[in-house]
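Okay, structure first, notes after.
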Amino acid sequence: MDRPLILKIAYVLSFLITLVLSLFYPLLIIVPLLVGLLVFSCFFTLKQLAELTWFMLIIASFFGSILSVPGFESLFLYRVLLPVQVILFLLTWSNWSWMSKRTRVMLLLLVGWLITAIITISWAEYQGVAFRNVYFIMEAIYLVFTAVYYLKTEKKIEGLIKAISIVIVVNIGIGLYEINTGLHLKKSGLTDIIGNAQFLPSGTFFNPNDLASFLVLFLPMTLVYMKSKSIIGKLYKLLLAIGSVYIIIATQSRIALILIIVILFFLLLRYSWKWAVLVLLCVPLFLQLPSMQETIGQVNQTYTDKTNSTDLRLDITKYTWQTAKDSYFLGVGSGNVQIKLAQYFPADEQNSDGAVSVHNFLLEVLANYGLLSLLFFLSFLLYLFYQSWYYWLKNKAKAVKYLIPLLISIAFPFITFASSTTLEKSYIWISFGIILAVLNQYDKRMETKNETI
């Protein structure tokens, strides 16, 4: 037996033995991962490896601590890949030529938001919380920035969306399992819940609202940006839509349900007004079917049995506004408003950290970082909306794909009401990154066209 073959066999055996040992000594899992990454890197250039790790990072973000080292839930794939990807990005980044002038303005507005948030650390009462909060702002901006950098072509966007469609399928599958069994993944905040709430789906996310918000953002992108000319491809998208809508209904997320119905209707109307009219005419008949009565009951329950939840959010809004006023609209310090709110609410309405989520990101920005910071962030949102509207108007064909940035930019403020906290939800910033990448591609084409005239 020749020496190279013996070395290959020894490598494979040692790799497998280390994997088995990691079941008893969890930290050992890092060894085969590092070795695998080293071997893997031999087949790619540094730039290709940077791009590949970014795509892996994005997909890993949807699973969080589910992809963790056994016994070390805080050490999961997303957190491991993030510093690696940052280093690879810095090593391979070259210049700013890939970014349009309008995209630069939007990213500068986000940087302004970050700087004003950093300043508030100096008077924040809870410094540790403030630094942690600012870190999440930096992470959010990094996800948006790198999405524009790596998604320079429609083909790359389609590749990412195809991978995300698999994540949607996984979440639909887990959601159906949760609805029928009342059992959840360890990451879910519903693991210790009993009663009707036990049968709400949360998928790979912490709570049902996060799952619903994820589906509202990425289902439309999947339906539009993933090309499917074959019957199987179209059937796959149809099943995704039906499954996602059913899961959103089951989450009892009121805002998400309204958003997904409105977004899907506008997409269908843009695709074919005849089909949109036909669907409208068939809906009343469809709702009369005996099999639909349980679903109708769920929808009624979503909008009639949440009086306590609505009252609580109104109280949170009132006290958050009062906190912002008490700080003279300078902000109480990054991430501190959630802790300040705890003094107004009993322990059973606080989270595990003894804080209260604001459920309104714009108001949270105002109370945490101050009015100037809110102006930066609002300017970003308004400019994004303007760019999306301009993108839609300038494309005479009015194809469905040109409508997505506009719909997502409109949906964002409403999604922040549904989600307990927006800043730490990486999927929201990834969706921003994707629509910014779409707008950036258009702007670069226009800039190139103007230069050649």
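The values are calculated or read from the model by the stated rules, or taken from the named source; none is laboratory data. None of the values given here were measured: they were computed from a predicted structure. Counting neighbours? That spans all protein chains shown, and the Cβs are built from the backbone with ideal geometry, glycine included.
Would you mind finding the one in Val80, Val84, Val169 that is outside the structural domain of Thr421 (by TED's automatic domain parsing) and touching a strand residue (DSSP E or B) at 6+ places or on another chain (Cβ under 9 Å)?
Numbers: Val84 fails: touching a strand residue (DSSP E or B) at 6+ places or on another chain (Cβ under 9 Å); Val169 fails: touching a strand residue (DSSP E or B) at 6+ places or on another chain (Cβ under 9 Å).
Step by step, each of Val80, Val84, Val169 is checked, and only Val80 is outside the structural domain of Thr421 (by TED's automatic domain parsing) and touching a strand residue (DSSP E or B) at 6+ places or on another chain (Cβ under 9 Å).
Is there a residue in region 393-402 that is modelled with pLDDT under 85, in contact with a Ser or Thr (Cβ under 8 Å, 6 or more places away or on another chain) and on the phi > 0 side of the Ramachandran plot? Quick ask: steps written out before the conclusion?
So in region 393-402, the residues modelled with pLDDT under 85 come out as 393-402.
Checking the rest, the ones that are also in contact with a Ser or Thr (Cβ under 8 Å, 6 or more places away or on another chain) come to none.
There is no residue in region 393-402 that is modelled with pLDDT under 85, in contact with a Ser or Thr (Cβ under 8 Å, 6 or more places away or on another chain) and on the phi > 0 side of the Ramachandran plot.
Report, by residue number, each residue of region 186-220 that is free of Cβ contacts under 8 Å to residues at least 60 places away in the same chain and either touching a strand residue (DSSP E or B) at 6+ places or on another chain (Cβ under 6 Å) or assigned to a helix (DSSP H, G or I) (or both).
Those that are free of Cβ contacts under 8 Å to residues at least 60 places away in the same chain and either touching a strand residue (DSSP E or B) at 6+ places or on another chain (Cβ under 6 Å) or assigned to a helix (DSSP H, G or I) (or both): Asn196, Ala197, Gln198, Phe199, Pro208, Leu211, Leu215, Leu219.
Among the listed residues Gly182, Gly203, which satisfies the condition of being out of contact with any Pro (no Cβ under 6 Å at 6 or more places or on another chain) and over 27 Å from Ser409 (Cα atoms)?
Working: Gly203 fails: over 27 Å from Ser409 (Cα atoms).
It is Gly182.
Residues in region 164-200 that are of a type in the set (D, E, K, R) and surrounded by fewer than 15 Cβ atoms within 10 Å (Cβ to Cβ): how many?
Just the residues of region 164-200 that are of a type in the set (D, E, K, R), to begin with: 178, 186-187, 192.
If we keep only those that are surrounded by fewer than 15 Cβ atoms within 10 Å (Cβ to Cβ) as well, we get 186, 192.
Total satisfying the criteria: 2.
Going by the structure shown, is Tyr126 within 24 Å of Tyr386 (Cβ to Cβ), of a type in the set (Phe, Trp, Tyr) and in contact (Cβ under 8 Å) with a residue 40 or more places away in the chain? Give the steps one after another, and end with the answer.
Working: within 24 Å of Tyr386 (Cβ to Cβ): no; of a type in the set (Phe, Trp, Tyr): yes; in contact (Cβ under 8 Å) with a residue 40 or more places away in the chain: yes.
So Tyr126 fails the test.
Among residues belonging to region 40-74 that are in a helix (DSSP H, G or I) and at pLDDT below 65, point out the one that is surrounded by the most Cβ atoms within 10 Å (Cβ to Cβ).
Ser41
Say we look at region 184-202 and pick out the residues that are within 24 Å of the chain's Cα centre (by Cα) and of a type in the set (A, V, I, L, M, F, W, C); which of these is farthest from Phe63 (Cα to Cα)?
Per the stated criteria, the residue is Ala197.
Would you please list the contacts, defined by Cβ atoms under 6 Å and residues six or more apart or on different chains, that run from a residue in region 264-288 that is hydroxyl-bearing (Ser, Thr, Tyr) to a residue that is modelled with pLDDT of 70 or more and part of a helix (DSSP H, G or I)?
Between residues of region 264-288 that are hydroxyl-bearing (Ser, Thr, Tyr) and residues that are modelled with pLDDT of 70 or more and part of a helix (DSSP H, G or I), the close pairs are Tyr271/Val400.
Considering Val262, Val279, which residue is among the β-branched types (Val, Ile, Thr), at pLDDT below 85 and in the same structural domain as Ile168 (by TED's automatic domain parsing)?
Val279
So which of Val279, Val262, Val224, Val245 ends up being out of contact with any strand residue (DSSP E or B) (no Cβ under 7 Å at 6 or more places or on another chain) and crowded, with 19+ Cβ neighbours inside 10 Å?
Val224
Checking the structure you have, find out if any residue of region 85-97 is surrounded by 15 or more Cβ atoms within 10 Å (Cβ to Cβ) and free of Cβ contacts under 8 Å to residues at least 24 places away in the same chain.
Looking through region 85-97, none of the residues is surrounded by 15 or more Cβ atoms within 10 Å (Cβ to Cβ) and free of Cβ contacts under 8 Å to residues at least 24 places away in the same chain.
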